[in-house]
């Protein structure tokens with residue numbers, strides 16, 4: 001089923017690359033085909049297969065044996081009788097041994113953990129796709145705007161050079177214009193290199209060929225999350241790692257109780273014999289299994305087949321030990337249970353700390369987004385004032401171009417901060433194991 005799903009994703013990815021430019025929704029959809037998500041799915045399938053193998057008690061076993069029996073007064077004397085017998089033994093496993101049952105329980109815990117972790121691994125892949133796409137789009141827009149700012153700096157430097165040659169500009173101002181030009185050129189080169197790198201990272205991670213088309217920006221209203229205490233409670237209940245740690249602690253305590261309990265492994269055998277025919281039924285509690293055997297004479301070469309009355313026997317065996325192994329095992333299991341308890345407490349503390357840090361980072365990102373929106377609004381107002389004065393002829397064209405570029409830079413910064421805030425929200429929700437849809441607009 002997973003192979004079919006991944007094949008569909010691959011077909012969609014090739015269709016996307018041929019039909020339309022890669023947008024955010026496509027990147028999020030294709031994140032399931034990325035290596036991280038596929039590896040998590042395969043690990044879940046592998047853990048489930050391991051559990052199925054561990055919980056299987058075993059196959060029925062049928063053993064066939066043949067035997068030749070010769071009797072004589074002396075070793076090399078002619079035989080008084082010699083005969084060929086055939087026997088069959090059927091072994092039926094009834095349950096797992098205690099050690100195998102323990103391994104099966106741990107395999108079940110691992111399978112459950114891998115299955116519970118799968119949706120969050122896929123959510124982590126979506127977060128990475130979102131982060132890479134946002135970085136690529138931001139780098140693309142920054143490179144374009146940096147090129148405009150470099151051109152603007154060149155025009156400003158040309159104007160400063162002419163004014164300095166005419167003696168109407170101080171040398172310090174001329175030097176400042178020259179430094180601004182050098183900085184703008186360096187920034188444009190760096191921005192273009194960053195654009196190339198982020199595109200390579202995005203398409204490489206999605207395993208797509210770069211179509212060369214521009215990325216698009218889909219504006220989204222600021223998303224929300226519950227308050228930090230509610231997120232923390234949700235995380236403690238839903239986090240697969242904590243669930244797995246709790247289960248392992250319970251298993252360690254159960255193993256300790258089992259080691260301290262008093263059990264007597266036993267075996268029982270019931271046998272019936274008559275005239276060379278032998279039948280037996282046996283049971284072993286150490287490795288719960290039932291065995292049925294039957295032996296019969298096939299051929300009598302010399303002498304006569306033995307004649308014997310009906311014989312019925314029952315055997316009960318009980319294993320007794322001094323308990324030294326159990327005491328030593330109990331000591332190690334007691335330490336293992338304590339280690340599991342410490343790991344659980346450490347995991348809970350770490351999750352709580354990570355969630356608080358992520359929540360504060362999201363709040364800070366939201367504050368930066370709001371400040372960037374205010375800055376963009378102010379830059380638009382300033383550009384509008386400069387535009388009005390330019391229409392009156394009181395502002396030169398260079399000042400108008402600079403004000404327009406400043407407004408564009410502020411608007412771009414507001415969009416980038418909005419992307420950063422959404423990424424911080426997604427990260428917080430992921431740590432809290434809180435379901436989140438990042439593709440809806442106007443949430």
Of the conditions (1) modelled with pLDDT under 85; (2) buried (at least 17 other Cβ atoms within 10 Å of the Cβ); (3) within 27 Å of residue 280 (Cα to Cα), residue 69 clears all except one; give me its number.
(2)
Count of the range 207-223 residues which are over 25 Å from residue 34 (Cβ atoms) and touching a helix residue (DSSP H, G or I) at 6+ places or on another chain (Cβ under 8 Å):
2
Filter result (part of a helix (DSSP H, G or I) and either touching a strand residue (DSSP E or B) at 6+ places or on another chain (Cβ under 7 Å) or more than 15 Å from residue 376 (Cβ to Cβ) (or both)) within the range 403-437
422, 423, 424, 425, 426, 427, 428, 429, 430, 431
With respect to residue 163, determine if the residue is buried (at least 16 other Cβ atoms within 10 Å of the Cβ) and either part of a helix (DSSP H, G or I) or free of Cβ contacts under 8 Å to residues at least 60 places away in the same chain (or both).
no
Only one of these is surrounded by 13 or more Cβ atoms within 10 Å (Cβ to Cβ) and either within 19 Å of residue 103 (Cβ to Cβ) or at pLDDT below 80 (or both): 297, 265. Name it.
265
Flag for residue 102 being part of a strand (DSSP E or B) and either touching a strand residue (DSSP E or B) at 6+ places or on another chain (Cβ under 7 Å) or within 29 Å of residue 115 (Cβ to Cβ) (or both)
no
Taking only the range 9-28 into account, find how many residues are at pLDDT 75 or above, part of a helix (DSSP H, G or I) and either touching a helix residue (DSSP H, G or I) at 6+ places or on another chain (Cβ under 7 Å) or surrounded by fewer than 13 Cβ atoms within 10 Å (Cβ to Cβ) (or both).
4
Got at least one residue in the range 312-325 being in a helix (DSSP H, G or I), out of contact with any helix residue (DSSP H, G or I) (no Cβ under 7 Å at 6 or more places or on another chain), farther than 30 Å from residue 160 by Cα and without any contact (Cβ under 8 Å) to a residue 40 or more places away in the chain?
yes
Of the numbered conditions (1) surrounded by 11 or more Cβ atoms within 10 Å (Cβ to Cβ); (2) at pLDDT 85 or above; (3) within 29 Å of residue 94 (Cβ to Cβ), residue 339 satisfies every one except a single condition; which is it?
(3)
Condition first: on the phi < 0 side of the Ramachandran plot, touching a residue at least 12 places away in the same chain (Cβ under 8 Å), within 25 Å of the chain's Cα centre (by Cα) and surrounded by 14 or more Cβ atoms within 10 Å (Cβ to Cβ). Can you find one or more residues in the range 177-196 that meet it?
no
Count of residues meeting criterion [part of a loop (DSSP other than H, G, I, E, B) and closer than 29 Å to residue 84 by Cα] in the range 268-291
2
Hey, any hits in the range 358-367 for a residue that's within 30 Å of residue 248 (Cα to Cα) and touching a residue at least 60 places away in the same chain (Cβ under 8 Å)?
yes
Scan the range 197-224 for residues that are part of a loop (DSSP other than H, G, I, E, B) and either free of Cβ contacts under 8 Å to residues at least 60 places away in the same chain or surrounded by fewer than 17 Cβ atoms within 10 Å (Cβ to Cβ) (or both) and report the count.
13
Please determine whether any residue of the range 247-258 is assigned to a loop (DSSP other than H, G, I, E, B) and buried (at least 16 other Cβ atoms within 10 Å of the Cβ).
no
So, in the range 49-66, exactly how many residues are surrounded by 12 or more Cβ atoms within 10 Å (Cβ to Cβ) and over 32 Å from the mean Cα position of the chain (by Cα)?
1
Filter the range 47-67 for residues that are touching a residue at least 60 places away in the same chain (Cβ under 8 Å) and in a helix (DSSP H, G or I); which is farthest from residue 291 (Cα to Cα)?
47
Just give me the residues in the range 156-205 being touching a helix residue (DSSP H, G or I) at 6+ places or on another chain (Cβ under 7 Å) and at pLDDT below 90, in sequence order.
169
Consider residue 390 carefully, then state whether it is crowded, with 16+ Cβ neighbours inside 10 Å and either more than 30 Å from residue 432 (Cβ to Cβ) or in contact with a strand residue (DSSP E or B) (Cβ under 6 Å, 6 or more places away or on another chain) (or both).
yes
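The values are calculated or read from the model by the stated rules, or taken from the named source; none is laboratory data. Everything numeric in this text was worked out from a predicted model, so none of it was measured. Counting neighbours? That spans all protein chains shown, and the Cβs are built from the backbone with ideal geometry, glycine included.
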